Structure formats: C-alpha cells, structure tokens
1. For the range 8-121, list the helices (runs of 4 or more DSSP H) that sit wholly inside it and hold at least 2 residues that are within 12 Å of the ligand (Cβ to nearest atom) and of a type outside the set (D, E, K, R); which are they?
2. Only one residue in Trp124, Trp134, Trp79 is of a type in the set (Phe, Trp, Tyr) and more than 30 Å from Leu200 (Cα to Cα), so which one is that?
3. Could you list, ordered by first residue, the pairs with Cβ atoms under 7 Å in which the first is in the range 100-124 and under 15 Å from Gly13 (Cβ atoms) and the second is basic (Lys, Arg) and at pLDDT 95 or above, at least 6 apart or interchain?
4. Please identify the pairs in which a residue from the range 175-187 that is closer than 11 Å to Glu29 by Cβ and near the ligand (Cβ under 7 Å from one of its atoms) has its Cβ atom under 7 Å from the Cβ atom of a residue that is assigned to a helix (DSSP H, G or I) and open to solvent by 60 Å² or more (accessible area, probe 1.4 Å), counting only partners at least 6 apart or on another chain.
5. Any residue in the range 78-92 that's more than 15 Å from Val39 (Cβ to Cβ): show its pairings with residues that are at pLDDT below 90 at Cβ separation under 7 Å, as long as the two are six or more apart or on different chains.
Amino acid sequence: MDISATNATGVLGGTFDPIHTGHLRLAWEAKCRLQLNFVRLVPCHLPTHRESPDTTAKHRLTMAELACIGVPGFEVDNWEINRHEPSYSVSTLLHVRDRIGPDAPLVFIMGMDAFNQFSRWHQWQTLLGVAHLWVAHRPGNRLPQPGTTEHQLLQQRQGSADQLQLRPSGHIYVHETTALDISATKLRQQIAEGITPRFLLPDAVWDYIQQHKLYGYRNEHTAND
Ligand code: ATP
C-alpha cells in the first residue's frame with residue numbers, strides 16, 4: 001500500500017500555553033516513525049475565567065500557528081477553541097475522522113502519564129474505535145501496573161508501527177521519546193523571572209511573547225533576547 005497517498009493523521013491536543021519544543025518534538029517523532037501525512041495540533045479550550053488576561057485562546061492559537069510555519073504536515077486545528085466549551089478528546093477525534101474518511105489511520109498522541117489515566121476518560125472505548133494511541137514513554141514515567149485496565153489494554157492492543165500505518169484505529173504504540181525536560185509551567189515561571197527561554201521554544205513564538213508581553217515578560221531581559 002502506498003502510505004504517502006493516504007490521509008494518515010496524528011492529533012496532539014494540549015493547552016500550548018505556550019507551545020514549546022517538547023510538544024513539537026513529540027509530534028515530529030510520531031509523524032516520522034508512522035509516516036503520517038499530517039499532524040493536527042489542537043489547542044484546547046480553557047474557560048475564560050481560567051485564562052490569565054494576557055494568554056487568551058487567541059494568543060495560544062497564534063503561537064501554535066507560528067510554531068508550525070515551515071514544518072511540513074503540521075497544521076493547527078482551532079476546532080476546540082472555537083467551540084467555546086471544553087471538548088472531550090473523543091469528540092475532537094470524531095471531528096477529525098469526519099474530515100479524513102473512515103479508512104485513513106488516525107493516531108492520538110499522548111504521554112504515558114495521560115495513558116495511565118486513560119480508562120477514566122469519557123468514552124475511552126469509543127475513542128479506540130476512532131483512533132490509535134501513540135504513547136510517549138520517557139525516563140521516569142511509570143508504566144501501567146498489572147491489574148489495571150491500562151496494563152490489560154497494552155497487552156491486548158499493543159501494535160507494531162506497520163499495524164498503525166495500515167489500519168484506521170484500535171492499536172497502541174509505545175515509543176521511547178527523546179527526553180526534553182521542558183514544560184509550559186516552567187517556561188511561564190522563567191519568563192516572569194526574566195530568564196530567556198530561547199531554544200526551548202521556536203524563535204517566532206519567543207518573539208511573539210516579547211511583542212505582546214505575555215507571561216509577565218518585562219524588558220529586563222538582556223539586549224540579545
Ligand atoms: P503545563 O506545564 O502548562 O501543564 P505542558 O508543557 O505539560 O503544560 P500541555 O499543553 O499540557 O503542555 O501538553 C500537551 C501534551 O504534550 C501532553 O500530552 C503532554 O504529555 C505532552 N508534553 C508536554 N511537554 C512535553 C515534553 N517536554 N516532552 C514530551 N511531551 C510533552
């Protein structure tokens with residue numbers, strides 16, 4: 001089968017407040033290993049009262065778009081943000097499935113931390129009928145414990161990269177992801193403290209943060225920032 005002729009698509013959801021190199025590398029490794037045609041980055045909706053005044057949904061969306069410029073196959077999907085209410089992942093994946101057709105592989109990208117809670121997710125069984133799971137395993141992550149639904153799921157559904165490429169949904173692939181110890185929480189703290197985050201996120205995103213004085217950025221950073 002000519003995989004490049006399909007709509008094989010990955011989906012990475014997140015707050016992206018701000019988007020950083022850890023997110024991008026995670027999505028890139030899934031894209032390359034599974035030869036995905038597209039990866040859709042889906043900034044999630046946050047209730048208005050939870051967003052700080054300077055990081056609105058519009059800023060998070062724009063930063064994600066800036067991060068994807070020039071990255072082949074990366075696209076930002078504003079579907080969750082435009083719904084003005086929190087969406088379940090299963091709804092987002094059904095929306096993407098509608099767009100790519102019933103036969104194209106659809107891969108939901110998540111970390112092992114998230115997978116460990118997977119059986120508590122809304123309609124998780126349905127989700128596995130709509131998409132595969134790409135689970136990024138990093139040093140220090142806890143593997144699902146024997147006796148848990150997640151452990152059982154891995155035993156029953158763990159698939160090869162080939163299986164994920166050739167079938168539309170239903171398999172789980174665990175990938176040893178390059179460890180990048182970057183979190184949006186830490187970045188927000190560093191920016192507020194006057195520490196330059198250059199190279200932890202794309203230059204265009206850092207420029208945008210400075211321009212809009214997000215996350216408590218002040219002009220106290222050095223002239224080369
Ligand atoms: P915050 O610190 O605000 O909670 P975050 O940096 O963890 O944010 P999210 O937007 O919550 O980012 O994460 C979206 C997805 O990206 C999640 O599946 C998360 O596991 C994954 N992720 C976040 N940071 C990294 C990283 N450094 N390496 C690999 N995956 C990451």
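1. Because the criterion is at least 2 residues that are within 12 Å of the ligand (Cβ to nearest atom) and of a type outside the set (D, E, K, R), the helices (runs of 4 or more DSSP H) in the range 8-121 that meet it are 21-34, 57-68, 112-115.
2. None of the other options fit; the residue is Trp124.
3. From residues that are under 15 Å from Gly13 (Cβ atoms), the pairs are Leu106/Arg97.
4. Leu180/Arg25
5. Partner pairs satisfying both residue conditions: Glu80/His45; Glu80/Ser87; Ile81/His45; Arg83/His45; His84/His45; Glu85/His45; Pro86/His45; Ser87/His45.
The values are calculated or read from the model by the stated rules, or taken from the named source; none is laboratory data. Everything quoted here is computed from the prediction, not taken from an experiment. With ideal geometry, Cβ positions are generated from the backbone for all residues, glycine too; neighbour counts draw on all protein chains shown. Each accessible area value is taken on the protein alone, full model and side chains, heavy atoms only, with ligands, DNA and RNA left out. Shrake-Rupley method; radii C 1.70, N 1.55, O 1.52, S 1.80 Å.
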